[in-house]
Every structure is written in C-alpha cells, then in structure tokens.
1. Exactly one of these conditions fails for LEU427: (1) farther than 30 Å from THR249 by Cβ; (2) out of contact with any Leu (no Cβ under 8 Å at 6 or more places or on another chain). Give me its number.
2. Contact list please: Cβ distance under 7 Å, first residue in segment 343-355 and in the same structural domain as LEU329 (by TED's automatic domain parsing) and hydrophobic (A, V, I, L, M, F, W, C), second residue modelled with pLDDT under 80 and surrounded by 12 or more Cβ atoms within 10 Å (Cβ to Cβ), pairs at least six apart or on different chains.
3. Which condition from (1) in contact (Cβ under 8 Å) with a residue 24 or more places away in the chain; (2) surrounded by fewer than 18 Cβ atoms within 10 Å (Cβ to Cβ); (3) part of a helix (DSSP H, G or I) is the one that SER68 breaks?
4. Does SER126 satisfy the criteria of being small (Gly, Ala, Ser) and either at positive phi or out of contact with any helix residue (DSSP H, G or I) (no Cβ under 7 Å at 6 or more places or on another chain) (or both)?
5. Which residue is surrounded by the most Cβ atoms within 10 Å (Cβ to Cβ), if the candidates are limited to segment 472-485 and must be in contact (Cβ under 8 Å) with a residue 40 or more places away in the chain, of a type outside the set (A, V, I, L, M) and assigned to a helix (DSSP H, G or I)?
6. Considering only residues that are within 25 Å of SER134 (Cβ to Cβ), surrounded by 14 or more Cβ atoms within 10 Å (Cβ to Cβ) and in contact (Cβ under 8 Å) with a residue 24 or more places away in the chain, which ones fall in segment 268-292?
7. Restricting attention to segment 381-395, which residues are buried (at least 23 other Cβ atoms within 10 Å of the Cβ) and of a type outside the set (Gly, Ala, Ser)?
8. From (1) surrounded by fewer than 18 Cβ atoms within 10 Å (Cβ to Cβ); (2) touching a helix residue (DSSP H, G or I) at 6+ places or on another chain (Cβ under 6 Å), pick out the condition that doesn't hold for LEU447.
Amino acid sequence: MIRFWQKQVLTISWFRKLLPLLLGLIICQTLAVIHLYYVTRTQLSRFHEISRANEIFIPGYTALTHSSGAIAIFKSALLITMSLGVGISLITIFVLYAARTPGIFWKVVCYSSFPIWIYCLYLLNSVSICWFSSSYFLIIPIFIWFLDRKIPGEPIGYNLYPFNRFQLIIALLISATWVGFYDNSSLVSIRDHLLLSNSVGEKLSDYYYDNSFLVAAAIQSQKQKPVKTYYLTSEVEPSLKREIDAVLTSLSYLKVSQSAISDLIISSNGTSMGFSTPIKQMTSVSIPDFRANPAEALRDFSDKGDYYKFFRLALFISLLVTVPICCTLLLYLALMMVLQKLMTPNRAIQAATLITGLILLFTSYKLRPYSQPSYNISNPTQGLSSANQMERIAALKDIIRQKADINKFGSYNNLLHSQYTADRLWLATALAHVHHPKATSELTGLLNDPSPNVVCKAMLSLGQRGDVIAAGLMANIIKTTTSLYPQQCAYLSLQN
C-alpha cells in the first residue's frame, strides 16, 4: 500500500521536481531548530550564572526565557530556512543537474563546485570549529543527493531541476537586476515604502523583528552583542585594573567574577594585554596602545573572534539572491499547471517561460524607485505636509541628517497620527532632536504604538534625549516585557 501511494505521488511531475527542494527546507528547519534551541538554553544558563554570581539583572533574560519555547524557536528557525536553506538547496540541485548534463560548461560547473564547497567549510571554521554552521553545508546537500538517487524515473538532473537553459538565464537575470539596485539603505527603503504601507507587509515586518533576535543571538559577533561581559585575571596590576574597569564600563561591558561565563578574558604581563575567550587566545595589544584607543583594541578582538562572519554573509547572500529565483520557480510551476491543460507541453513550456520572465522583470523594474536610499526633496517644510509618502519620509530623513529641530519646519501632528507606520517611525527618530519638552510626552505616547518598529525607535530617541523620566520607563520595560526586540532597544536606550 505504501509503495502504491509513493508511486502515485511521484508520478505528479511538478511534485517530483519540488520534492528535493522541500526535503532541503525540512532538513534545514530541523537543523535550525536544534541550533537555536542549543544556543537559547546556553544563553539562559549563562545569564542565570551571571545574575547569581554578580547579583545583577541581565537585560534580555526575561524576554529570552519567554522566547525559549518550542513555537518561538520554530518561528525563528524559519528565517534561517527561508534564506540559507533555500540557497543551499537550490545550489545543490543546480550542481546535481550539471553532473548529468552533457557539455564542457556543465562539467566545469560540476567539478569546480567541490573545491568551492570545501573552501566555504574552511571559512566557516577558520576561527574555530563551528559544528552547527558546518552542519547546514554538509547535511542538506547529502540528503538531497541521497533522495535523488531514490527517486524513480528520469535521470538525476531532470528530476531535480525544473528549468531549461533559457529559463535559467531569466532567473539569473532577475537576480542580477535585484542585486544591482541593492545598497546599504535599499532594504530600509523597501521596508518603508512597500512593507509598511499595507497590512500584509506590516505583518511580515513585525514577524521579522519579533523572531530575528534568537537568530541574531546565535550568530552575532562580540561587538554586536547588546550585553557584553569581561573578566580580569589575577596577574593584572590593581592600578591597571581600575583603568580597565572604567574604560569597559563606559563601553557597556559588565564585569563578572568567573572566566567561564565571560565574553572577554583580559590578562597582562606588565607590558601588554592579552584578549581571549573561554575557548582560545585571540589577540594582544600593548598597554600604551590600549590606553590610547581602547575601542579599537576591542574591535580588533571582536573581528578576530567572530566565529559566524561567513555564516552571516551566506545568510544575507542567500536571502538577496534566492528570493527572485524562488519567485521565478514558483510562478513558472503555477503557470505550467494551468497552461499544460490548454496547449501542448512544448508550447506550455515556452509560454510559461516567456510570461514568467516578463512578469518578474517588470516587477523588478517597478520596485526600483522604492529601493532608492533617498528621494530628492528641496523643501522639508513642504515635504512634511506632502500627500506623497516618499516625499514625507525624505523630508524627515533630511531633518534627521541635519539633526535639526522638526518644529522649525512646521506642524507634524499629521505624522504623529498618520495611518502609515513609516511616517510614525521616522518621526520618532526625528523627535530625538526636538528641544521642547513636549517631545518627551509625544515619544512616551508612541511607546503604545501598535508597531514594534515605532515603539523601539521611540525608546532610542528617548535615550538620546537623556530624559530622567524616560530612564525609569526603560528600566521597567527591561524587567517586564516578554519580547526580545523592545527589551534590547530599552537597554540600548539606557546606554545612550
């Protein structure tokens, strides 16, 4: 009976073609859940030890405890699956296709993939052995290859890869178009003008901010951590200890009494200082150089001890490149399901390929204005009251860039109560530079905004203003909130 249903399912062409990709995503999701569960439990144990040994409250402990449940971890793991999981699965499928396709070009692609794969594993483990990071690059390709060997019917490449060469060119062209208009501010602009302008986009944005902190906690570098700890060994001289304590406290480091629970262990031989983690020695610096520029010394330690630098890059590239390729794949398969009922198979393939390419290239072209990091605005006063949302946000960004008081450019009440989240978000940022005390009450009111993005921007602006009243609010949020994103923003607000 099982073999009968297996045969029936595998005879569905489009399902057979998607099955390896689905398997890759399932394997990635499983690995990501295990990865995040381990990191979360380790972080909770570490925070508990720090709190107990030093009798201090650790920002993030309450929210991390609330976010350590199975559902929260599963939702956070989806962010890894839908970026890195898709990327590794598609690359594996492409290489397997090349392995069975005749021609010199495909042989070069196939044979060159193995040394590239080995080099990626080297980059993942160049600082220290990272078992979880390596598992994604090892286990997902192996399972997809094994599945393909078990699928009956067509040869390996054709089971796995649903595109012909022309369709591949279209998918790569769309990816190049997408990457081509990317810069450091384009994703923020797309968030402002597309995601935050409709209810569906807002839910996607909120999902990302609500669930990305567990992923960030698992792969962030030392300098990216909101809570950093240090430990001084016994050989450090008392006078130098006092200097180090003062410097690291100003840089938001917490001193702990045990080396095993610290992020940074500092030793000294009288002329130089050694920086290490509980695992290995990372770097050293002369005492005069540390005194001259302690922030630079700590940055160097963070860079050399960044275990997940390449893993973060792989996540980002996967997200940036595989989104348009997946859109191409899904749209093509959807069109094929319809068109193959209306025309011959060859004509259906040609029509689906052409329609897919035209739709996605047109979409990429229409997205281009939204991806621009800035929108030229000559008069911020007119921009604030403009009916065009892009002009309003451009005016707010211009005011923020000047660190000017927004009151000089007219009333902003329309933005304070705007139906568009992006208006309120950038207004919350601009209010940090308002001299009038009413800005504090306006920012405090924005702490009740339905969007977590706006709430967190309001917290950071209150921190920049240095209001004593706001400090009490932030301390209360840190102790009571069950969401990681607002809790971390409240902590950063207090640091400011």
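The values are calculated or read from the model by the stated rules, or taken from the named source; none is laboratory data. The model shown is predicted, which means the values in this text are computed figures rather than measured ones. Quick reminder, even Gly has a Cβ in these numbers, built from the backbone with ideal geometry, and neighbours come from all protein chains shown.
1. (2)
2. ALA348/MET336; ALA348/GLN340; ALA352/TYR332; ALA352/MET336
3. (3)
4. Details: small (Gly, Ala, Ser): yes; either at positive phi or out of contact with any helix residue (DSSP H, G or I) (no Cβ under 7 Å at 6 or more places or on another chain) (or both): yes.
When the stated conditions are applied, SER126 passes them.
5. Restricting to residues being in contact (Cβ under 8 Å) with a residue 40 or more places away in the chain, of a type outside the set (A, V, I, L, M) and assigned to a helix (DSSP H, G or I), the top hit is TYR485.
6. Correct list: THR277 only.
7. If the condition is that a residue be buried (at least 23 other Cβ atoms within 10 Å of the Cβ) and of a type outside the set (Gly, Ala, Ser), then LEU384, ARG392, ILE393 are the ones that fit.
8. It fails just one condition, (1).
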